[in-house]
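For reference, the structure discussed in these notes is given below.
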Amino acid sequence: MNGYTPQIGDLVWDEGARTVGRVMDRVGTYWQLKPLDGGREWDARGPLRPATAAQRLAAGVALANARSRGRPR
């Protein structure tokens, strides 16, 4: 990793998946992340770093748009 150690609940940028996720757990050397809309967890594929303000905003807008289209939470 890059020296950053995420905590459970942090919003992070997964470099490998190129997306924002919420840290749910750590199993061995893998961090398990979950999309903000509550979808299926994934194992982080790349280095993690804290999500920037712009990335947090973009993820929030995507979530709001999905909800407005009737996508369940």
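Since every read-out is calculated from the coordinates, none of them should be taken as a lab result. Quick caveat, the model's predicted, so the values are computed rather than measured. Backbone-built Cβ (ideal geometry, glycine too); neighbour counts: all protein chains shown.
What the phi angles of the range 22-34 give under the Karplus curve with 6.51, -1.76 and 1.60, with θ = phi - 60°, is a coupling list of 9, 5, 9, 6, 10, 10, x, 9, 9, 9, 9, 10, 10 Hz, glycine and proline written as x.
Given the alternatives [x] 22, 13, 9; [y] 31, 17, 11; [z] 21, 13, 12, semi-axes √(5λ) of the Cα gyration tensor in Å as computed for this entry is given by [x].
Hey, with R₀ at 25 Å, roughly what FRET efficiency would Thr52 and Val27 work out to, going by the Cβ-Cβ distance, to 0.05?
That pair, Thr52 with Val27, gives E of 0.45.
Any idea what angle helix 53-68 forms with the longest principal axis of the chain, computed on alpha-carbon atoms, 0 to 90 degrees, nearest 10? Helix 53-68 sits roughly 40 degrees off the main axis of the chain.
Electrostatic bookkeeping for Asp10 treats Lys and Arg as +1 and Asp and Glu as -1; over the other residues with beta carbon under 14 Å from its beta carbon, the sum is +3. Look at the alpha carbon pairs under 8 Å that are at least 6 residues apart: their mean separation over the length of the chain gives a relative contact order of 30 percent.
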